[in-house]
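No lab work stands behind these numbers, since they all come straight from the coordinates. These numbers come from a predicted model, not from an experiment. Don't worry about glycine lacking a Cβ; one is built from the backbone with ideal geometry, like all the others, and counts go over all protein chains shown.
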Amino acid sequence: MSRRPIHDALGDSDAALLDMLTGPSAPTATTFARRDAALDPLIMAAAFASGPQVTRNHYHHDFFPGVMLPKAEGAWDWTKFTGQDASAPERKKLAYVSRQAPRRQRLALEGKENDQPWEQTAASLSPIENLSLSHKRRRTSLSTSVFPPALSASQSTEAASDVIPKDPAADLDLKCMARTRIPTPHGPVFLHLYHNNRDDKEHLAIVVDPVQLADKPSAVSPPPIRSHTLDAVWSNDETEMDRITRGAYVGRLSPTSQHASMPPSDAAGVTIALPAPLIRIHSECFTGETVGSMRCDCGEQLDEAIRLISQPIAISSSCPMNSSPSIPGRGVVVYLRQEGRGIGLLSKIRAYNLQDIGHDTVTANLMLGHGADERGYDIAVAILRDLGLDGGVRVLTNNPDKVQALEKDGLRVVERVPMIPRSWKSRQAGSKVTSDVDPRLSKVEDHLVGATLIGGKAVYGEDLDKYLRTKVLKMGHILPLWMEDVEA
Ligand SMILES: Nc1nc2c(ncn2[C@@H]2O[C@H](COP(=O)(O)OP(=O)(O)OP(=O)(O)O)[C@@H](O)[C@H]2O)c(=O)[nH]1
């Protein structure tokens, strides 16, 4: 078999390439067009130094198409090298694409003039300012102003929070951004996440209404508890999948069942005589709910509220379509991100240290320059209104001030339902807690099924008793105190 000389196998492009690599002078720009002119060399350098995803200012940026992939369009693919000249039609250039808004715009949205190094921020605070923060009260007015333009479902949640102005004096508007089913030991709930134009917090609503998961609606179901802003059409080009992804669906979502909800209508549902829905307005408590702190009963209250709301509701036997004596429990826990009664986690942690040296939960707040309670409830009332629960509710609380504030913000409260601490329910006179192990807990409420970190367990201990005592004696909470608590 004869062998072909090697130069016979070389094409024109190979010869040009060989020329470029071995020729006496570098090829001119007219001979070899530059293919990556749209890439900023500085960005390239940063990306190659540590990877585009981790450079400090570029972690939201992507390079399209992949520069090093031979198959990617525009990549430096030697097999396709033709030795083209500048007169050849321009090839598509690599593009540098960012999903991030320009930095100046992002800082303006965050209300910052510029990033300040940490040392500078710390230095600008005197020790006094650092401890005694000014007392800022939330606005409590609620208006029904026009809702901001609907966002396309394809826009991300982050993008949505960016476009909402954070003006404390603005009229309150809010919108349910997403909803999903969460199974809990007390039964399924629907978690709703809200954005608003007052603060940049993601307030939540835990909706108990398991009837919505039934295959076919029951004849005696009350109207489902659904968010108007979530079920609304957000844009003309919104797809069914957009709606389903943000939670605007009916029934139970599964691989075989995906039905987007209809926009809300005024069609009246079946009316049956039922007690007003049971609700709780709960304020965030990281220590009590996540760490399992027994300085307060917040974790237990959150768990107990979901449990109580999930209890079946007895219905009147005179109801014509009634085949069962009860319907599944229904109601809402509105979870407001006002940690530490509105003073924030940092101040609450400091307040705990002041409590350890002898102050109570009220004076510790005052010593830090805060009010005893800095919370507002207008956002909670707006959330309940969005969920269609503005026709009268029963509120789980021991706090009469909370009921008053809710009514002032426009909620009709038909009943206050007390929340007795679990460890107090089985309490006997004289059974004061003196050790870490509370003998009272072997009795009733310590083995309930629980939905939160503390589970169905009762919280107890000297810290808790002191906290509850202060709430009764100084903050007007309505709880039965034993004589020895009053005297302590
Ligand atoms: N500043 C401060 N906040 C606390 C302390 N313990 C719990 N909290 C916060 O108090 C809030 C709960 O308020 P509570 O006073 O327990 O109860 P309430 O909501 O007023 O009334 P209820 O509806 O009866 O529970 C949560 O935001 C907790 O983070 C504390 O010692 N200091």
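Taking segment 249-383 on its own, what percent of its Cα-Cα pair distances exceed 20 Å?
Values: 5849 of 9045 pairs.
Here the tail beyond 20 Å accounts for 65 percent of pairs.
Could you tell me the ratio Rg/Rh of segment 191-250? Both radii from Cα atoms, Rh via Kirkwood. Walk me through the numbers before you get to the answer.
Values: Rg = 13.7 Å, Rh = 13.6 Å.
Rg/Rh for segment 191-250 comes to 1.01.
Once you place label points 7 Å from the Cα toward the Cβ at residue 252 and residue 228, how far apart are they in nm?
Using points 7 Å along Cα→Cβ, the separation is 3.1 nm.
Can you tell me the length gained on complete extension of the stretch residue 478 to residue 337, counting 0.36 nm per residue apart and subtracting the Cα distance?
Values: separation 141, 0.36 × 141 = 50.76 nm, distance 2.38 nm.
Taking 0.36 nm per residue and subtracting the Cα distance, the gain is 48.4 nm.
Subtracting the Cα-Cα distance from 0.36 nm times the residue separation, let me have the gained length for residue 462 to residue 324 in nm, one decimal.
Details: separation 138, 0.36 × 138 = 49.68 nm, distance 4.52 nm.
Residue separation times 0.36 nm, minus the Cα-Cα distance, leaves 45.2 nm.
Can you figure out the FRET efficiency of residue 363 with residue 180, using R₀ = 60 Å and their beta-carbon distance, to the nearest 0.05? Working shown, then result.
Values: r = 42 Å, r/R0 = 0.69.
It comes to 0.90.
For residue 203, which sequence-distant residues (separation of 5 or more, or a different chain) have an amide H within less than 5 Å of its own amide H, given hydrogens modelled in the peptide plane?
Residues meeting the criterion, in which the H sits 1.01 Å from N, are 194.
How much length would be gained if the chain were fully extended between residue 240 and residue 274, taking 0.36 nm per residue of separation minus their Cα-Cα distance, in nm to one decimal? Please report the intermediate quantities before stating the final value.
Numbers: separation 34, 0.36 × 34 = 12.24 nm, distance 3.40 nm.
That works out to 8.8 nm of additional length.
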